[in-house]
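The values are calculated or read from the model by the stated rules, or taken from the named source; none is laboratory data. What you see is a predicted model, and the numbers here were worked out from it, not measured in a lab. Every residue, glycine as well, gets a Cβ built from its backbone with ideal geometry; the counts of neighbours run over all protein chains shown.
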Amino acid sequence: MLLFNTILIGLKEIWSHKFRSLLTMFGVVLGVASLVGMSAVIKGMENGMKEAMVAMGGADKVLLRSQPVPAHQDHLADQAPGRTMRDVEALRRSAPLLRLVSPEMALEEVTVTRGDKSIQPGECAGVQPEVLGMNLHTLEHGRFFNEVDEENASAVCVIGVGIRDVLFGAPEKIGVEINPVGERILLNGQPFTIVGMFVRYMSEKEAKERLLAKQLSKTEAGPSSGPKRQKGWERKGGWAFWSKNSTVYIPLNTAWVRFRSAGDLSGVPDPRLSNIDIKVRDLELLEPALQQARNVMMLTHHGIEDFQFQTQENQIESIAKQIKNARLSGGIIAGISLLVGGIGIMNIMLASINERVREIGTCKALGATGVDVFVQIVVESVVLALLGAITGVGASYLLVDFLIVLSPTSNTPVITPVAMVLSVVFSAAVGVVAGLLPAIKAARLEPIQALRYE
Amino acid sequence: MALLELRNISKIYHLGGEEIRALDDVSLDIDAGEFVSIIGPSGSGKSTLMHILGCLDSPSLGSIKLDGTEIGKATQRELAQIRNRKIGFVFQFFNLLPKLNVVQNVELPMIYSGVGGRERRERSVRSLELVELGHRLRSRPNQLSGGQQQRVAIARALVNDPRIILADEPTGNLDTHTGEVILALFRRLSEEGRTVILVTHNPEIAAVTPRKIEIRNGKVATKLGEKLAGLERRPTPVS
Ligand SMILES: Nc1ncnc2c1ncn2[C@@H]1O[C@H](COP(=O)(O)OP(=O)(O)OP(=O)(O)O)[C@@H](O)[C@H]1O
Ligand SMILES: [Mg+2]
């Protein structure tokens, strides 16, 4: 018995009942499409969350937050020092389990202006060079701040590419990549010199689209070729990337001297930092590292616990949980569809062997063994299921396209080969199982009854 | 030793307490190379006998030996192999597989005996040329006339080079002229040394064969002209 012929005969059988086979396959098509589609959506979610996580500084970043003084220390609230450079220095010196301590003095309601163009940056803060490692920034042009800038409170800044796009023009609009280093811009009316610019942060999907757009414009060379794309990229790729791209950093001291020391809204100079971000040396040692940091802080704060740590553990856990739930529900839907598909196939195979009793009898008269007949029926069932699976994989591409159109987010569904292979294997298994009963029935047919059957 | 030896074969059906003896204590021998017809009225048990001869059916009582092997003791698998290698069937209603074309139908027995693709194709084409259908390889059964379909069935029966050809009313569905063509084919096969057994209720057809076995009510009635036929038979040595 040769498998190739068996498959060929199976295909002929399926082809001779095109419509019936199509209807039968539908269950499997749905099952596979939902399996592949679901896992693509989940993969998209996963990617989106991971990318956003990295954009926000990675999983090992811990925020040192302020908190209201606890109830039992209420009477000490006046003496609560808030988070200051004292804490930063102390942590850097005395908490060796911390890798990075990055202070930030955020400036609220800043408007960046150049000529007639202006923008409110996603983040504007005075920082020290640690911020690069903390928020995973990479410079594209120029340099970051050095001790001299810090010391002199120089009026220099480093900007994200989103700021450049607004103030100087985006490359996809004006056609050239502008290097803004050395240019002057105004921060709330004070002149600052740009000394550096970060690279563009974007999701993998956006990166691909940009590459494609670039290649397209190259092949379609010429200024007036086709309608120009009007939509900017600013908001594309989700909030996390947008906000990271529209950063403006100035030296910490500059923020203090030029914006804060003159007094905040109520006119009092405020040396408190708005953020202290820390990174631990080793995620495994997160607990002891936080304990160490807490001890140091308790000292500098005279035992007043007006601070707390916020790790990304919760986010990571909730991401994992969401993904697990989505997987489960997707799996259940796909499982039910495949089950229904399997029942459909079994049903149609039973009908098919009833119609073919004479043919089966003839084959047995010609020397087919029970095993030959069994294999033939199972192969047919599997071929039916696999055709359904292949159609389903095709359908899942449509499904994913449809989902993208329906809700264009940064969590673009990604069809993974693993999901495809898995669903095809599942379908084959469904085909085998669905074919078993009909195949046994066919194999057991007595050749003589099969021949007499009218 | 005869090629086929039937001893006290009975086939009994039970229908609601009633006992139907489709075959009743049949004993007979068929030698290698014989050209035999089994004749009798409708319902007499001819088809039942042929099915038992062809290992498609097993008797309720009695024993058959084919080529020295006791069939009653063979497993299903062995029976399938015997049907495949030693016996070629031709049916009244042709029993071609409608979804396969002519060559593919003829290739079928060789698929079950595991002959490789190229040899299979060559042998079926040769077999089809033998029945003068070498030019209709790609036709579907329903595109052929009844006579052509029966010739395809004969080509299929021959393709594994079996020693025995069993045909149940092979001309029952054909007009007289076509029937004669088919009969001539069987005669030629017999002359080539094969054992050919024809089942028919038509005495004219039975007249073609040297030996006739007449069945009535499940019993062998007379063995008309058996001795004579036996003498007239060409002594063909069959290997
Ligand atoms: N499966 C069965 N169950 C009950 N009775 C059966 C069965 N098969 C055959 N018979 C009976 O056995 C007897 C012989 O049948 P068989 O088909 O061998 O006759 P036949 O000689 O071939 O007739 P025909 O010339 O009409 O084909 C009939 O009486 C038939 O009713
Ligand atoms: Mg009959």
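All but one of (1) touching a helix residue (DSSP H, G or I) at 6+ places or on another chain (Cβ under 9 Å); (2) in the same structural domain as A:Glu446 (by TED's automatic domain parsing) hold for A:Lys324; which doesn't?
The single condition A:Lys324 does not satisfy is (1).
Can we say B:Arg126 is in contact (Cβ under 8 Å) with a residue 12 or more places away in the chain, farther than 27 Å from B:Ser47 by Cβ and more than 10 Å from chain A (Cβ to nearest Cβ)?
Values: in contact (Cβ under 8 Å) with a residue 12 or more places away in the chain: no; farther than 27 Å from B:Ser47 by Cβ: yes; more than 10 Å from chain A (Cβ to nearest Cβ): yes.
Answer is no for this residue.
Could you go through the range A:433-454 and let me know if any residue there is away from every other protein chain (no Cβ under 14 Å) and of a type in the set (Ser, Thr, Tyr).
The answer is no, given that none of the residues of the range A:433-454 is away from every other protein chain (no Cβ under 14 Å) and of a type in the set (Ser, Thr, Tyr).
Of everything in the range B:100-123 that's basic (Lys, Arg) and touching a residue at least 12 places away in the same chain (Cβ under 8 Å), which residue is farthest from B:Lys86 (Cα to Cα)? It would help to see each step written out before you state the result.
Keep residues of the range B:100-123 that are basic (Lys, Arg), which gives B:118, B:120-121, B:123.
Applying the additional criterion that residues be touching a residue at least 12 places away in the same chain (Cβ under 8 Å) yields B:120-121, B:123.
Details: B:Arg120: 17, B:Arg121: 20, B:Arg123: 17 Å.
Filtering the range B:100-123 for residues that are basic (Lys, Arg) and touching a residue at least 12 places away in the same chain (Cβ under 8 Å), the one farthest from B:Lys86 (Cα to Cα) comes out as B:Arg121.
Looking for something assigned by TED's automatic domain parsing to the domain that holds A:Ala33 and away from ligand 1 (no atom under 16 Å from the Cβ) - is there at least one such residue anywhere in the range A:444-452?
Yes, the conditions are met somewhere in the range A:444-452.
Checking A:Asn354 against (1) surrounded by fewer than 20 Cβ atoms within 10 Å (Cβ to Cβ); (2) away from every other protein chain (no Cβ under 12 Å); (3) over 19 Å from B:Pro98 (Cα atoms): exactly one of these is not met. Which one?
Failing condition for A:Asn354: (3).
In the set A:Val195, A:Val161, which member is modelled with pLDDT of 85 or more, within 28 Å of A:Lys43 (Cβ to Cβ) and not small (Gly, Ala, Ser)?
Going through A:Val195, A:Val161 in turn, the sole match is A:Val161.
When the residues of the range B:129-163 are filtered to those that are of a type in the set (D, E, K, R) and over 27 Å from B:Leu3 (Cα atoms), which remaining residue is farthest from the other protein chains (Cβ to nearest Cβ)?
Out of the qualifying residues, it is B:Glu132.
Which of the numbered conditions does B:Lys73 fail, given that it passes all the others? Conditions: (1) away from ligand 2 (no atom under 16 Å from the Cβ); (2) in contact (Cβ under 8 Å) with a residue 12 or more places away in the chain; (3) more than 9 Å from chain A (Cβ to nearest Cβ); (4) surrounded by fewer than 19 Cβ atoms within 10 Å (Cβ to Cβ).
(2)
Does B:Thr209 satisfy the condition of being modelled with pLDDT of 90 or more, within 16 Å of ligand 1 (Cβ to nearest atom) and among the hydroxyl-bearing types (Ser, Thr, Tyr)?
Against the criterion (modelled with pLDDT of 90 or more, within 16 Å of ligand 1 (Cβ to nearest atom) and among the hydroxyl-bearing types (Ser, Thr, Tyr)), B:Thr209 does not qualify.
Go through the residues of the range B:146-169 one by one and say whether even a single one is of a type outside the set (Gly, Ala, Ser), surrounded by fewer than 16 Cβ atoms within 10 Å (Cβ to Cβ), touching a residue at least 12 places away in the same chain (Cβ under 8 Å) and away from ligand 2 (no atom under 16 Å from the Cβ). Show your work before the answer.
If we filter the range B:146-169 for residues that are of a type outside the set (Gly, Ala, Ser), which is where we start, we get B:148-152, B:154, B:156, B:158-166, B:168-169.
Add one more test, that the residue is surrounded by fewer than 16 Cβ atoms within 10 Å (Cβ to Cβ), and what stays is B:161.
Then keep just the ones that are touching a residue at least 12 places away in the same chain (Cβ under 8 Å); that gives none.
No, the range B:146-169 contains no residue that is of a type outside the set (Gly, Ala, Ser), surrounded by fewer than 16 Cβ atoms within 10 Å (Cβ to Cβ), touching a residue at least 12 places away in the same chain (Cβ under 8 Å) and away from ligand 2 (no atom under 16 Å from the Cβ).
Determine, yes or no, whether B:Gly33 is more than 20 Å from the chain's Cα centre (by Cα) and away from ligand 2 (no atom under 14 Å from the Cβ).
Details: more than 20 Å from the chain's Cα centre (by Cα): no; away from ligand 2 (no atom under 14 Å from the Cβ): yes.
Judged against the criteria, B:Gly33 is not a match.
Every residue in the range B:103-114 that is β-branched (Val, Ile, Thr) and facing another protein chain (nearest Cβ under 9 Å), please.
The one that is β-branched (Val, Ile, Thr) and facing another protein chain (nearest Cβ under 9 Å): B:Ile111.
Run B:Lys65 past the list (1) facing chain A (nearest Cβ under 8 Å); (2) surrounded by 15 or more Cβ atoms within 10 Å (Cβ to Cβ); (3) not small (Gly, Ala, Ser) and report the number of the one that doesn't hold.
Exception for B:Lys65: condition (1).
Among (1) more than 14 Å from chain A (Cβ to nearest Cβ); (2) within 16 Å of ligand 1 (Cβ to nearest atom); (3) out of contact with any helix residue (DSSP H, G or I) (no Cβ under 7 Å at 6 or more places or on another chain), which single condition is B:Glu169 missing?
(1)
List the helices (runs of 4 or more DSSP H) inside the range A:1-117, counting only whole elements, that have at least 1 residues being more than 14 Å from every other protein chain (Cβ to nearest Cβ). Outline the logic, then answer.
Working: elements: A:3-15, A:18-55, A:85-94.
Ranges flagged: A:18-55, A:85-94.
For the subset of the range A:362-391 comprising residues that are of a type outside the set (A, V, I, L, M, F, W, C) and crowded, with 23+ Cβ neighbours inside 10 Å, which member is nearest to the other protein chains (Cβ to nearest Cβ)? Reasoning before the result, please.
Going residue by residue through the range A:362-391, those that are of a type outside the set (A, V, I, L, M, F, W, C) are A:362, A:364, A:367, A:369-370, A:372, A:376, A:380-381, A:388, A:391.
After this cut, where a residue has to be crowded, with 23+ Cβ neighbours inside 10 Å as well, the list is A:362, A:364, A:367, A:376, A:380-381, A:388.
Values: A:Thr362: 4, A:Lys364: 7, A:Gly367: 2, A:Gln376: 10, A:Glu380: 12, A:Ser381: 17, A:Gly388: 21 Å.
Here the residue is A:Gly367.
Looking at the range A:324-337, can you tell me whether even one residue there is in a helix (DSSP H, G or I), within 14 Å of another protein chain (Cβ to nearest Cβ) and of a type in the set (Lys, Arg)? Walk me through it before giving the result.
From the range A:324-337, those in a helix (DSSP H, G or I) are A:324-337; that's our starting set.
Still in the running and within 14 Å of another protein chain (Cβ to nearest Cβ): none.
Scanning the range A:324-337 turns up no residue that is in a helix (DSSP H, G or I), within 14 Å of another protein chain (Cβ to nearest Cβ) and of a type in the set (Lys, Arg).
Closer than 18 Å to B:Leu49 by Cα, out of contact with any helix residue (DSSP H, G or I) (no Cβ under 6 Å at 6 or more places or on another chain) and either outside any helix (DSSP H, G or I) or at pLDDT 85 or above (or both): does that describe B:Thr222?
Values: closer than 18 Å to B:Leu49 by Cα: yes; out of contact with any helix residue (DSSP H, G or I) (no Cβ under 6 Å at 6 or more places or on another chain): yes; either outside any helix (DSSP H, G or I) or at pLDDT 85 or above (or both): yes.
Here the answer is yes, as B:Thr222 does meet what is asked.
Here's a check for you: in the range B:21-62, which residue that is in a strand (DSSP E or B) and within 14 Å of another protein chain (Cβ to nearest Cβ) is surrounded by the most Cβ atoms within 10 Å (Cβ to Cβ)?
Within the range B:21-62, the subset in a strand (DSSP E or B) is B:21-30, B:35-39, B:61-62.
Imposing the further condition that a residue be within 14 Å of another protein chain (Cβ to nearest Cβ) reduces the set to B:22-23.
Working: B:Ala22: 22, B:Leu23: 27.
Going through the qualifying residues, I end up with B:Leu23.
Determine which member of the set A:Glu284, A:Glu313, A:Glu359 is out of contact with any Cys (no Cβ under 9 Å at 6 or more places or on another chain), of a type in the set (Asp, Glu) and within 14 Å of chain B (Cβ to nearest Cβ).
Going through A:Glu284, A:Glu313, A:Glu359 in turn, the sole match is A:Glu359.
Against the definition (out of contact with any Ser or Thr (no Cβ under 7 Å at 6 or more places or on another chain), in the same structural domain as A:Ile163 (by TED's automatic domain parsing) and hydrophobic (A, V, I, L, M, F, W, C)), how does A:Leu107 come out, yes or no? Explain how you work it out, then say what you get.
Numbers: out of contact with any Ser or Thr (no Cβ under 7 Å at 6 or more places or on another chain): yes; in the same structural domain as A:Ile163 (by TED's automatic domain parsing): yes; hydrophobic (A, V, I, L, M, F, W, C): yes.
It is true that A:Leu107 is out of contact with any Ser or Thr (no Cβ under 7 Å at 6 or more places or on another chain), in the same structural domain as A:Ile163 (by TED's automatic domain parsing) and hydrophobic (A, V, I, L, M, F, W, C).
Output the number of residues of the range A:53-66 satisfying the condition of being among the aliphatic types (A, V, I, L, M) and crowded, with 21+ Cβ neighbours inside 10 Å. Give the derivation first.
Step one: of the range A:53-66, the residues among the aliphatic types (A, V, I, L, M) are A:53-56, A:59, A:62-64.
Within this subset, residues satisfying the condition of being crowded, with 21+ Cβ neighbours inside 10 Å are A:55, A:62, A:64.
Residues that pass the stated criteria total 3.
Specify which of the listed residues (B:Phe89, B:Phe94) is within 16 Å of ligand 1 (Cβ to nearest atom), closer than 30 Å to B:Leu28 by Cα, at pLDDT below 90 and within 12 Å of another protein chain (Cβ to nearest Cβ).
Result of the check over B:Phe89, B:Phe94: B:Phe94.
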